Structures are given as structure tokens and as C-alpha cells.
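Peer 1: Following this message is one structure expressed as C-alpha cells.
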Amino acid sequence: MDSRLYRCASRGDVRSLKRLLKETPSLILRLTPQGNSIVHIASRLGHGPAVQEICRRCKSLLTKPKADGDTTPHASLVL
């Protein structure tokens, strides 16, 4: 995963997230070395507005499981 995208998701920085994904839309599909998507990162850290923006751009990420089998709804329940 692109380090700039990871920072945006982990900080909940929606404005920078939008700008970065406008420049390079394909970044949204990249995974961390642990198999987490950008929506998993944002949801795990409780950044609802960032999760909404990511899902608005790529709804299929909601059902994409992480390496441990959890999906985004599972990650959100842990909060």
C-alpha cells in the first residue's frame, strides 16, 4: 500500500484522501503487507468519514476480507 494513502486512512484525513485518490484512483485497491485494505485501516481506527469516502469510491472493499478473514463490518465491531 502507498504510504501516503496509509497515512490518510490512519489519520482520517478525508481531504488528502480525496486528493490522492483523484490523482491515482488505483491506489484504493492496494493492500498492506498484512493483507489489509484501506477501508480496513480507516474502520479499525474509527474514522467513519474516511470509511464513507472510500466506500463511495469502491463499495466492493466492504466485503473484501482481510488475511484473517474479517471483513470491514467485523473490524468496525471491534471498536
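Peer 1: What full-extension length gain, to one decimal in nm, is calculated for residue 3 and residue 55 as 0.36 nm per residue of separation minus the Cα-Cα distance? Display every interim value, and only then the final one.
Peer 2: Values: separation 52, 0.36 × 52 = 18.72 nm, distance 1.95 nm.
Gain on extension, residue 3 to residue 55, equals 16.8 nm.
Peer 1: Quick one: 3J(HN,Hα) in Hz for region 41-53, Karplus 6.51/-1.76/1.60 with θ = phi - 60°, rounded, Gly and Pro as x.
Peer 2: 3J(HN,Hα) across region 41-53, in whole Hz: 5, 5, 6, 4, 8, x, 9, x, x, 5, 4, 4, 5.
Peer 1: Test of understanding: what is the full-extension gain from residue 26 to residue 10, defined as 0.36 nm times their sequence separation minus their Cα-Cα distance?
Peer 2: 3.9 nm
Peer 1: Can you compute 3J(HN,Hα) from phi for each residue in region 17-34, using the Karplus curve 6.51 cos²θ - 1.76 cosθ + 1.60 with θ = phi - 60°, rounded to whole Hz and x for Gly and Pro?
Peer 2: 4, 4, 4, 5, 6, 5, 5, 9, x, 5, 4, 4, 8, 6, 10, 6, x, 7
Quick note: the coordinates plus some simple rules give every number you see, no bench work behind them. In this text the structure is predicted, and so the values were computed from the model without any measurement.
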